[in-house]
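To keep things clear, I will list the structure first and then write my remarks on it.
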Amino acid sequence: MTRNTHIAVLMGGWSSERSVSLSSGKSCADALEERGYRVTRVDVGRDIAKVLSDLRPDVAFNALHGPFGEDGKIQGLLEILEIPYTHSGVLASALAMHKVKAKAVVANVGVPVAEQRVVTREETAREHVMAPPYVVKPINEGSSFGVTIVPEDQAHPPQSLLGDAWTYGEEVLVEHYVAGKELTCAVMGRPGEEEAFDVIDIVPVGHGFYDFDAKYLQGGSKHILPANLKPFVYQNIRRFALEAHRAIGCRGVSRSDFRYCEESNELIWLEVNTQPGMTPTSLVPDMAAHAGRSFGDLVTWLVEDASCRR
């Protein structure tokens, strides 16, 4: 790519993560402009096919999060329009976004996952569908939207899923909750050359868990990098993140999330994010910086890695 490359930064959209995407997109667009690229900022709407057809950028930088932007749909559209794009392709994006199917794939290559059940939200509210502690979450959402943790001493099942505010589908994922550390590890590189970054221990500040506010509000969490873990646990996390990235077929950069209980030595993989946040409080930029890549280096590499048929 040359500095005359025209980059359309896709951001916004209409998922629950719209505000996060706008923040990611702004950060990426600013950094690319600082590097001298010609950048068009595109707030994605239902007319995105026409917008891109008229714009004809050299590259689409995908800074969308959540449904449509992260689940293979926008990737399929970009394939049809033959516009090279960043991050993962159609299949990997769709697979990673479906937490149940993604867990099945990574478990098949030896990555540890939690006991789980897929049930309706009515079943979840009627009775405990597994022994507490457990966590209830949407199957196809990110940024901790809709996540409910049921502690060990909670006598009644959660009722919040029955309210009108629940907009995440009729089926939910219920999985065993592992108390302890919230850990994350990113993987970056071209196929066959991927490398796992160092591991972050995420410590929420003033929040019960790493929820939306802990993720995106300034001071909502502390990022301990590198995480203070036993060496074999640390290396297992890096290895599992790399194996998950490859098993699902991710491209560019991905980020895997884990839970680890030091007392029981239980380590589980939660999910892989194919469109990791790029906001001022996001995790991947921290890991890249720790590895010696500035934010500008990171987004420039993603542009240079862009292609179709990913």
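Key figures
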read-out	value
Matching entry among SER53, SER21 (being in a helix (DSSP H, G or I), buried (at least 18 other Cβ atoms within 10 Å of the Cβ) and not assigned by TED's automatic domain parsing to the domain that holds PHE240)	SER21
Scope the range 174-192; condition out of contact with any strand residue (DSSP E or B) (no Cβ under 7 Å at 6 or more places or on another chain) and touching a residue at least 12 places away in the same chain (Cβ under 8 Å); matching residues	ARG190, PRO191
Residue match in the range 257-265 (condition: within 18 Å of SER24 (Cα to Cα), modelled with pLDDT of 95 or more, in the same structural domain as ARG190 (by TED's automatic domain parsing) and not aromatic (Phe, Trp, Tyr))	no
Residue match in the range 96-106 (condition: closer than 28 Å to SER53 by Cα, under 23 Å from the mean Cα position of the chain (by Cα) and not in a helix (DSSP H, G or I))	no
Enumeration of residues in the range 5-14 that are surrounded by fewer than 21 Cβ atoms within 10 Å (Cβ to Cβ) and touching a residue at least 60 places away in the same chain (Cβ under 8 Å)	THR5
Test: residue in the range 36-48 that is under 30 Å from TRP166 (Cα atoms), crowded, with 19+ Cβ neighbours inside 10 Å and small (Gly, Ala, Ser)	no
Within the range 179-196, tally of residues that are within 23 Å of ARG309 (Cβ to Cβ), buried (at least 18 other Cβ atoms within 10 Å of the Cβ) and either of a type in the set (Lys, Arg) or in contact with a Cys (Cβ under 8 Å, 6 or more places away or on another chain) (or both)	1
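The values are calculated or read from the model by the stated rules, or taken from the named source; none is laboratory data. None of these values were measured; they are calculated from a predicted model. We place every Cβ from the backbone using ideal geometry, glycine too, and count neighbours over all the protein chains shown.
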